[in-house]
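Asker: Submitted below is the structure of interest, expressed as structure tokens.
The values are calculated or read from the model by the stated rules, or taken from the named source; none is laboratory data. Quick caveat, the model's predicted, so the values are computed rather than measured. Note that we place each Cβ from the backbone using ideal geometry, even for glycine, and neighbour counts take in every protein chain shown.
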Amino acid sequence: MKTIFISGTAGSGKSLLTSKLYEYYTKNGAFTSVLNLDPGVESLPYTCDVDVKDFVDIVSIMQQYDLGPNGALIMANDLIASKIDDIREEVDRINPDYLIVDTPGQVELLAYRSSGKFLVENIASDEKTNIFLFDGALITTPVNFVSIALLATSIRLRLNLPTTNVVTKTDLIGNKLKDILKWSTSLPTLENAISKEADGDTYTLTTNILRGLNLSGFAQGLIPISNVTGEGFVNLEGALSRILNLGEEVED
Ligand SMILES: Nc1nc2c(ncn2[C@@H]2O[C@H](COP(=O)(O)OP(=O)(O)O)[C@@H](O)[C@H]2O)c(=O)[nH]1
Ligand SMILES: [Mg+2]
């Protein structure tokens, strides 16, 4: 079994990408299942094979412990970690070729609570990889781009998984995509764009963060996709294949 975690900021397109990847792999003849790790989601654009909402219930946690929605989500995440054996058993029973894991809307629940890392480490799988989604609608200015790249790097550090960086919503951003791709491959172009948008402290901080991130090749190979039109999926699948199958393509 190979496991693909889908991470990214709230609303970046994780759940929709999960459903599209499921369709893509299934159409190509691979036995694929979906695990939903988001206890707070109300409706999902796919049918779930294993759903953490079957293990924890946000509304009853709010009532039982007198918590608001954020406190209940944190508690739910910790409770899910304590059910890892049950979750693992369900996944093992299904035993798919590919397991796609949709993660909580709030990325910090996955990345910064110890339960998130515990879940990532304890799903038994031959290979694991992470896709981080840069929300195309958020990274339209160079300063936003750098701050999301900082988040992506921080999450890569936390999860310690080979990570593919993706820009979503290319169908909504038109020509801006060209700028974004240029920023992601040319440090001088990005610094120049930052100098036009920001000055003073913001400029200094942004360029210093950028130089630090650049040392680890922070956004190279950024893959543009649209979950709506399907643009870019062939490139994304190729990149995943190189990580998960050492170059073997999924059978047609
Ligand atoms: N136009 C467009 N909308 C998208 C794309 N990806 C996601 N969305 C929409 O953005 C919203 C949030 O997507 P969702 O998958 O729920 O994000 P999540 O919070 O990361 O799981 C939904 O209304 C999606 O239909 C995309 O590539 N293009
Ligand atoms: Mg979601």
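Asker: Report whether or not LEU79 is within 16 Å of ligand 1 (Cβ to nearest atom) and either surrounded by fewer than 19 Cβ atoms within 10 Å (Cβ to Cβ) or not assigned by TED's automatic domain parsing to the domain that holds GLU197 (or both).
Answerer: no
Asker: How do the pairs read when you match residues in region 29-50 that are assigned by TED's automatic domain parsing to the domain that holds VAL120 with residues anywhere that are small (Gly, Ala, Ser) and assigned to a loop (DSSP other than H, G, I, E, B), using Cβ under 6 Å and keeping only pairs 6 or more apart or on different chains?
Answerer: Taking only residues 6 or more apart or on different chains, the pairs are ASP38/GLY105.
Asker: Follow-up. Determine which member of the set GLY232, GLY247 is at pLDDT 95 or above and either in contact with a Lys or Arg (Cβ under 9 Å, 6 or more places away or on another chain) or of a type in the set (Gly, Ala, Ser) (or both).
Answerer: Residue meeting the stated conditions: GLY232.
Asker: Just need a number here: residues in region 110-144 that are touching a residue at least 60 places away in the same chain (Cβ under 8 Å), of a type outside the set (Gly, Ala, Ser) and over 22 Å from SER15 (Cβ atoms).
Answerer: Adding up the residues that qualify gives 4.
Asker: Pick from region 183-213 the residues that are small (Gly, Ala, Ser), within 28 Å of the chain's Cα centre (by Cα) and over 21 Å from SER154 (Cβ atoms): which of them is modelled with the highest pLDDT?
Answerer: Top of the filtered list is ALA193.
Asker: Can you tell me which of THR18, THR26 is assigned to a helix (DSSP H, G or I), at pLDDT 95 or above, within 16 Å of ligand 2 (Cβ to nearest atom) and polar (S, T, N, Q)?
Answerer: THR18
Asker: Give the residues of region 134-160 that are hydroxyl-bearing (Ser, Thr, Tyr) and under 20 Å from LYS176 (Cα atoms), sorted by residue number.
Answerer: Across region 134-160, the qualifying residues are THR140, THR141, SER147.
Asker: Okay, next question. With the condition kept exactly as written, say whether any residue in region 19-28 is in contact with a helix residue (DSSP H, G or I) (Cβ under 9 Å, 6 or more places away or on another chain), under 18 Å from ASN235 (Cβ atoms) and exposed (fewer than 15 other Cβ atoms within 10 Å of the Cβ).
Answerer: The answer is yes, given that some residue of region 19-28 is in contact with a helix residue (DSSP H, G or I) (Cβ under 9 Å, 6 or more places away or on another chain), under 18 Å from ASN235 (Cβ atoms) and exposed (fewer than 15 other Cβ atoms within 10 Å of the Cβ).
Asker: Right, next: When the residues of region 90-147 are filtered to those that are of a type in the set (Phe, Trp, Tyr) and within 22 Å of LEU44 (Cα to Cα), which remaining residue is farthest from ligand 1 (Cβ to nearest atom)?
Answerer: Only one residue fits best here, namely TYR98.
Asker: Now for a separate question. Can you tell which of ILE123, ILE148, ILE139 is under 22 Å from THR3 (Cα atoms) and of a type outside the set (Gly, Ala, Ser)?
Answerer: Being under 22 Å from THR3 (Cα atoms) and of a type outside the set (Gly, Ala, Ser) holds for just one of ILE123, ILE148, ILE139, which is ILE123.
Asker: Say we look at region 214-229 and pick out the residues that are modelled with pLDDT under 95 and surrounded by 12 or more Cβ atoms within 10 Å (Cβ to Cβ); which of these is farthest from LYS14 (Cα to Cα)?
Answerer: Across region 214-229, the extreme among qualifying residues is ASN214.
Asker: Quick one: count up the residues across region 3-13 that are touching an Asp or Glu at 6+ places or on another chain (Cβ under 6 Å) and closer than 14 Å to SER226 by Cα.
Answerer: Residues meeting the conditions: 1.
Asker: Counting only residues that are within 15 Å of VAL41 (Cβ to Cβ) and either modelled with pLDDT of 95 or more or hydrophobic (A, V, I, L, M, F, W, C) (or both), how many does region 62-79 have?
Answerer: 3
Asker: A further question on this structure: Hey, among VAL101, VAL41, which residue is buried (at least 16 other Cβ atoms within 10 Å of the Cβ), at pLDDT 95 or above and not in a helix (DSSP H, G or I)?
Answerer: After applying the criteria, what remains is VAL101.
Asker: Just wondering, is there one or more residues in region 169-177 that are more than 16 Å from ligand 1 (Cβ to nearest atom) and touching a helix residue (DSSP H, G or I) at 6+ places or on another chain (Cβ under 6 Å)?
Answerer: no
Asker: Continuing with the same structure: For the subset of region 1-28 comprising residues that are charged (D, E, K, R) and touching a residue at least 12 places away in the same chain (Cβ under 8 Å), which member is farthest from ligand 1 (Cβ to nearest atom)?
Answerer: LYS2
Asker: So which residues in region 192-246 are over 22 Å from LYS182 (Cβ atoms) and of a type in the set (Phe, Trp, Tyr), if there are any at all?
Answerer: Once the filter is applied, which keeps residues that are over 22 Å from LYS182 (Cβ atoms) and of a type in the set (Phe, Trp, Tyr), region 192-246 yields only PHE233.
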